[in-house]
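Read-outs throughout are calculated quantities, based only on the coordinates presented, and are distinct from any laboratory measurement. Predicted model only: the values in this text are computed from it and were never measured. Using ideal geometry, Cβ is built from the backbone for each residue, glycine included, and neighbour counts are taken over all protein chains shown.
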Amino acid sequence: MARRKRDRHQQRRVHEWTATGAALKAVNMREEVVAAMSHTMFRSARSKGLLEGNRDLRHAIGSQHDNCHDEIAAHYAAMYDWAVASIELDAETASAMSAAFDSRLQRRMQIAEVFIVAPAMHRVVTAASATLEGSDLETLIRDDIPWENGFLVLPKRVQIGDSRGWTDVEAISWHVAANRAYQGLALYVHSWSRLAWAQNLPGTPLKLWPAQTMVLPLDPDDRIKSAEQHIPHELFFTGATPRPGWTPEASIAEAGPDNEYGWVCEGGPHAAVLGYLFAFLRIATQPMSIVGRCRERRADSVPQAWQRVRVVQLRRFHQAATVENDARQVHWRHSWIVRMHKVRQWYPSLGRHQVIFRGPYLKGPTDAPLLAGETVQALVR
């Protein structure tokens, strides 16, 4: 009897999410990434992938444009911050580009703030990202990113489905840096997957691999320039065959309507990852969330690496105090996500209103069930 009780207790501890366990996992994942990016096999595979991607990109753009040099040069300047002199990369140039890019990314990872997301907060961020549209991402500016370098570890592996299959994501990293193509600041975003490692280096122990790399200009003028140099998203998936008869509705039913770890995105993994990070950055800076370290540093001790990890979780609000007036009290049955919207904010220092964006954010009691739809019910007295 005592042994069965101990086994049940150990099993519960294994499957239950804890901040300490997640922080240890996140630190190990970052160290794993830093070590893997300097490995010879990793850099060789990345260089080979860059050559293959260059070949597919030239073929796809060349079939639609007579002169595709400018489009390809702009793509590599934006993605790798590298001036490409020729359309077709040779092995030496590809190796140099890949090594320089990975070295910079490795240094960024070493100094990145590490974040873990509590399951309840992950549910909120996922629901918020589902309300976003492409135009919402264009509102992101440098002031909306409080941490210049970040490594965000999800509570569990997330699968992103589109017409070309499923993509695994276990972590998301980002950094803000100057970009040669836009001549301004840009947000570099990477999603990390062990499945991508297995595809690039089969037969080796699984580690994290940068599955997607995205660049988002942070200046409105640079966004216009980026749109003029835009390469269609479909060109990056020339090797993948769309599933016949695929529909988002059927895929949602396959993933489960309430499964926050199975996303369906018509725009593909790039759009899903950017939307999640955008919602995370917006929500993490709002009063409804707590972004504290796993353990606060004491004056007489040196914190370990896992103790410096930032834990993002929902704040528990106290019930509103009762006032002696005729104002009604509203008791919401659910919490819900408020979409992004424009408001005219009064600025006393300027003496005028100014249009700003708010949202997405969580409204309602944080301990109530999260409602992902459009209908909200309340008990009013």
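Applying 1/(1 + (r/R0)^6) with r as the Cβ-Cβ distance of Ala178 and Glu31 and R0 = 22 angstrom yields a FRET efficiency of 0.20. Dipole check for region 88-232: with +1 at the C-beta of Lys and Arg, -1 at the C-beta of Asp and Glu, and the Cα centre as origin, the magnitude is about 640 Debye.
Placing +1 on each Lys and Arg Cβ and -1 on each Asp and Glu Cβ, with no other charges, gives region 19-284 a dipole about its Cα centre of roughly 980 debye.
Mind giving me the FRET efficiency for His59 and Ser135? R0 is 45 Å, r the Cβ-Cβ distance, nearest 0.05 is fine. Calculated transfer efficiency: 0.90.
Each residue of region 124-136 was assigned a 3J(HN,Hα) from its phi angle through the Karplus curve 6.51 cos²θ - 1.76 cosθ + 1.60 (θ = phi - 60°); the sequence is 5, 5, 4, 5, 5, 5, 6, 8, 7, 10, x, 5, 5 Hz, with glycine and proline shown as x. The mean sequence separation of alpha-carbon pairs under 8 Å and at least six residues apart, normalised by the residue count of region 32-152, gives a relative contact order of 30 percent. Using the Karplus relation 6.51 cos²θ - 1.76 cosθ + 1.60 with θ = phi - 60°, the per-residue 3J(HN,Hα) values for region 184-201 come to x, 7, 9, 9, 9, 10, 10, 9, 10, 9, 7, 5, 5, 4, 4, 6, 8, 10 Hz, with x marking Gly and Pro.
Given their separation in residues at 0.36 nm each and the Cα-Cα distance between them, Asn67 and Ile111 gain 11.7 nm when the chain is fully extended. Amide H to amide H, with H built 1.01 Å from N, Gly184 comes under 5 Å of Asn179, counting only residues 5 or more places away or on other chains. When only Cα pairs below 8 angstrom with a gap of at least 6 residues are kept, region 19-284 shows a relative contact order of 22 percent.
Normalising by the residue count of region 135-199, find the relative contact order in percent from Cα pairs under 8 Å and 6+ residues apart. Reported as a whole number, the value is 26 percent. For region 19-284, the Kirkwood estimate of the hydrodynamic radius, built from every pair of different alpha carbons, is 19.3 Å.
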